[in-house]
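Undergrad: First the structure, which I've put down as structure tokens, then a few questions once you've had a look.
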């Protein structure tokens, strides 16, 4: 490949150019001119955290079913606060503006971009605003009154306060529409779909900007947070990626001082990014929060190898002045090290593909692909580039003595430090190891304290309007994070047969003694219906119909009896309407009270509250009547009274028409997953300790809950990915060094690094969130590079110098300097992420920089210390090429292979551990056999190899 | 020649128009149309009774049933003829679903002031007067408004004849007090034969159609054209309500005393069957 590239440099350039241009066009054309290339998918942005779960995931399916069943929509929350007026927003001027805003928000409707025949935007009928909700209150004596809470903006202060007083009397509005402190108001704008929220948000902000007055407006709600995130994600990509380029460029310039030399890796980085992103878009993947970070990951990593090549090339070039030969020589020298460092990185990324979270899989696979392509480009494009460089430019490089002096001066402080480090590791080896063990112990304690938590609103920086809105509104209101607890009658509890058997015990008594004949006729009819109608509801409906037919054909004398029978059937059907039963509503009441005591739930809205409110107002607003009436008939009549309002459809948000499923609408003050999870636990505990009066199953929906589910999946998925990549990398190291012992050795620094960083995370109290989780797996693939370089040089130098004490000096020369340079390039290369306005990117930036820095330092401290202590074991005095540990290595490798397969497969396939144990055992045996066979064939001799990982410094 | 053809066409059109005019009675005035429509829709006979099967269907196709008997009596003083369109009394007796069985609803409709409304809730043993700020609230959770059931006062709107087709008059009604209602105007297609509104469309403040009434079945009962099936669709929610009427009868001589609070608790069974 390399040779072909050197021989056909122009072809390489043309091919790379064509591929780049092709993918660039394929990726961008559909978005720029959608009609020209309908067969290409174009750029699709996806910021929906819901998509962290596959669409077929049970919790998402349930979420969507329930949203439809209860006609719920995602909402934009618009809060209005007035800190200047003593009564807050409850004054005529503020309410006039709020009224106008509410009327304005009803007009935020436009044709749907996907289907122009449909409307998209705000669903006006479900808008919750003072002028669109009903107030129910006692009128005169014996009178109940329904009216709009605020039909028109009030003219006087008294009217304004009266509106507040009315709203605060209604549980559904208090803490939701009106703040508990009576100072603020919230409007809830339901959307036809979540992706409309940014447009609605932008239009609202535009309108608000033109408003006068002391009110402050806050817009929040999960859909807004998510959609806004998507928009800012592009800002991030537009800022951070070029900034990363610039910084890498400056860094390389500072190292090498030669712009032409730097051009090649820069072009390579850009090409690698374009190829990867192009492929991502062309294959129809969406730009998700994860995949938007791909460019910034690929960029620093793709330059590393080419920098090694170029620096070595120009070191050697002036000796021979033969470009072709020098390039081939350099490539030969560096091949193994570059291959393995690339492979470990790829393994790190690729292991993410085993995480059960689609966007993370896409991210992992395309990063792996990007690194692979960068490697191919390094093998082809860089040599071709060098061969094509005009002779004149290379001549200039001949005069590198001057710059070399610069280099020396620049490096001298670093060199002295490194040499000192080398001496320290030799003399104080045991102390360093003891310290490492101590660090590890502290780290493990820290890891045990890690708190898994995430919250999409916290993806914005503290000062972001969405974060501010979140803070202010959650201070005033019951909470802006919605979760829905569903209670439902299990289908198996409502079979026709069970219902009929129960009914038969009552039927004769209820229908009365005169109806004996009719009852007998009915029983005969029922037997036939039981087969065709499996559910109780359908059975009673059919039975009713049949009874009416029989009544129609009956003699006049029997009519009254049939009336009684039909009435009995109706009553029996009513008994089956779970959420009209007073005992069930009382149970919900108890559950609500319990949840409010926990502190995390600010407010619960439920069917029980509606019934109680109507009941109270029917009885002149007497507080003691704020209770659930005694019979299901009375409950039903309260509910039908409620439906005589302007918004009868509101009932449908709380209970399905068959009264078999209800939804409790919880308002949480925090969207943190830990808080949601605690509420889920509290509900489970309550239901376990206090069984409901009838059989009920419970489940959750709502975005806040979905976030908890995907995160839990991600934590375990990432742990699996981490284990997977750990094993793969370990296996690679064992193969690279042909020794399990050396394999283990190479894993030590990065293991301590990762343990240390995650331990620090736990000790500091920073949440283990999505970006942190993703980093664990891939950091490993990156951090092992230093160990590879260090150990390769250690072995090489030890062979050359005979003892480690003699070899340590040279190892801490050029090679250590190269490692430190790499550390700086990667660490600094990720720092532009700090400029992002979004927290996850910042986290990634800081964390990666920290991982690189720590693992670099750990490599230079711990590895030499270990080599010092275990020199005799690592370098057995046997004849060169003969490794006594061969069998152990074989066995270890086999076990690792088996474990790798199992760990990775376990994530993908849903089988039980015991099954995998047997699979693993089988693989171990097979692999051990294979390994033994292989060892015999090439008994105890290593194939001759070039010296990998030669010094990288120019 | 195009001009001659045009001329010929024009002649044919006017001839047809003249013939049509001769065939039917003289074209009524706008006021006449509005009044006769109001009478046909709400004032057939002196009193009347109907069984109503109400099916409320939501956007997901789930249905709820209500079953009720409606009694109506016009407050028609002696000496007034069938053009009376003043006060009325209405009694609605529910039988299904089981939880609202025996529930009753009564209205005294007045032209000069707000209607009186009562609700009897047997489960709570309670008779309540209902004071609603406006009449455009849901009727027992259906897509029909209370005002659709009792009838909108014709004085509340400005009327306009948009056009006349072979079968229908098309009217437009604009509310005089726009703030009191949620629509900006509504149009009505009235059957020229019997003045039964066959289709009513409501438009919101943005001029978007959002609510549609359709008379699905009209027959004559005792000589009175009567809607036997009607549907109200809410285009915003995606739901609709179908009312199916049966056992319709007029001029039953229902006594005025039935329409009093006393009979809310003790249903006048004789008139309900």
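Throughout, read-outs are computed from the coordinates displayed, never taken from laboratory work. This structure is a prediction, so every number in the text was calculated from the model and none was measured. No Cβ is skipped: glycine too gets one built from the backbone with ideal geometry, and neighbour counts run over all protein chains shown.
Undergrad: Please find the FRET efficiency linking residue A:260 to residue A:419, where r is the Cβ-Cβ separation and R0 is fixed at 35 Å, and quote it to the nearest 0.05. Could the numbers behind the result be given before it?
TA: On the way: r = 32 Å, r/R0 = 0.92.
After rounding, the FRET efficiency stands at 0.60.
Undergrad: Still on this model: Summarise the long-distance tail of P(r) for chain B by giving the % of C-alpha pairs beyond 30 Å. Write down the numbers at each step before the final one.
TA: Numbers: 12775 of 37128 pairs.
The proportion of pairs with Cα distances above 30 Å equals 34 percent.
Undergrad: Also, quick follow-up: May I ask for the angle, rounded to the nearest 10°, between helix B:2-23 and the longest principal axis of chain B, with both axes built from Cα atoms and the value confined to 0 to 90°?
TA: Between helix and principal axis, roughly 40 degrees.
Undergrad: Now for a different question. Quick check: convex hull of the Cα atoms in the range A:762-818, volume per residue, rounded to a whole Å³?
TA: Working: hull volume 6.5 nm³, N = 57.
With only Cα atoms used, the range A:762-818 gives 115 Å³ per residue.
Undergrad: What nm distance separates the two modelled labels at residue A:428 and residue A:10, each placed 7 Å from Cα along Cα→Cβ?
TA: Using points 7 Å along Cα→Cβ, the separation is 6.1 nm.
Undergrad: Moving to a separate point now. For chain B, what is the mean residue ellipticity at 222 nm derived from helices alone (per DSSP H run of n ≥ 4: -39500 (n - 2.57); sum divided by total residues; nearest 500 deg cm²/dmol)? Spell out each step's value before the answer.
TA: Numbers: 5 runs with 49 residues, N = 273.
That calculation yields -5000 deg cm²/dmol at 222 nm.
Undergrad: Out of all DSSP beta bridges with both ends in the protein assembly as shown, state the antiparallel percent to the nearest 5.
TA: Details: 127 of 134 bridges.
DSSP beta bridges in the protein assembly as shown are roughly 95 percent antiparallel.
Undergrad: Could you list B:145, A:349, A:540 in order of exposure, starting from the residue whose Cβ has the fewest other Cβ atoms within 10 Å? Intermediate results must be reported in sequence, preceding the final value.
TA: Working: B:145 21, A:349 28, A:540 24.
Placing the least packed residue first, the sequence is B:145, A:540, A:349.
Undergrad: Then there's this: In nanometres, what is the gap between the two model label sites at residue A:716 and residue B:206, each 7 Å from Cα along Cα-to-Cβ?
TA: 4.5
Undergrad: Going by alpha carbons, how many degrees (0 to 90, nearest 10) lie between the helix axis of A:814-830 and the longest principal axis of chain A?
TA: 30
Undergrad: Let me ask something additional. Stretch residue A:523-residue A:335 to full length: gain in nm at 0.36 nm per residue minus the Cα-Cα span?
TA: Between residue A:523 and residue A:335, full extension yields 59.0 nm more.
Undergrad: A further question on this structure: Sorted from largest to smallest, which semi-axis lengths in Å does the alpha carbon gyration tensor of the protein assembly as shown give for its equivalent ellipsoid, taking the root of 5 times each eigenvalue? Intermediate results must be reported in sequence, preceding the final value.
TA: Values: eigenvalues 1200, 250, 159 Å².
For the protein assembly as shown, the ellipsoid semi-axes come out as 77, 35, 28 Å.
Undergrad: Next question, about the same structure. Could you tell me whether the range A:521-644 comes out rounded, prolate or oblate from its Cα gyration tensor? Rule is a ≥ b ≥ c as square roots of the eigenvalues, rounded for a/c under 1.5, then prolate if a/b exceeds b/c, otherwise oblate. Before the final figure, lay out the partial values.
TA: On the way: a/c = 4.07, a/b = 2.11, b/c = 1.93.
Prolate.
Undergrad: For the range B:118-273, what log10 I(q)/I(0) values come out of the Debye formula at q = 0.08, 0.09 1/Å, with one point per alpha carbon and no solvent?
TA: -0.30, -0.38
Undergrad: Using Cβ counts within 10 Å as a stand-in for footprinting exposure, how do A:508, A:114, A:546 rank, fewest first?
TA: On the way: A:508 15, A:114 9, A:546 18.
So the ranking, lowest neighbour count to highest, is A:114, A:508, A:546.
Undergrad: Separate question: Per DSSP helix of 4 or more residues, -39500 (n - 2.57); summed, then divided by the residues of chain A. What does that give at 222 nm, rounded to the nearest 500? Each step should come with its number before you reach the end.
TA: Details: 32 runs with 620 residues, N = 954.
Value at 222 nm, helices only: -22500 deg cm²/dmol.
Undergrad: So, R0 is 22 Å and r is the distance between the beta-carbons of residue B:78 and residue B:110; what FRET efficiency does that work out to, to 0.05? Before the final figure, lay out each step's value.
TA: Numbers: r = 19 Å, r/R0 = 0.88.
Plugging the Cβ-Cβ distance into 1/(1 + (r/R0)^6) gives 0.70.
Undergrad: I've got another one for you. Using only the alpha-carbon atoms, how far is helix A:582-598 inclined from the longest principal axis of chain A? Give it as 0 to 90 degrees, nearest 10.
TA: The angle comes out near 40 degrees.
Undergrad: If neighbour count is taken as other Cβ atoms inside 10 Å, put A:293, A:820 in order from fewest to most.
TA: Working: A:293 25, A:820 22.
Lowest to highest Cβ neighbour count: A:820, A:293.
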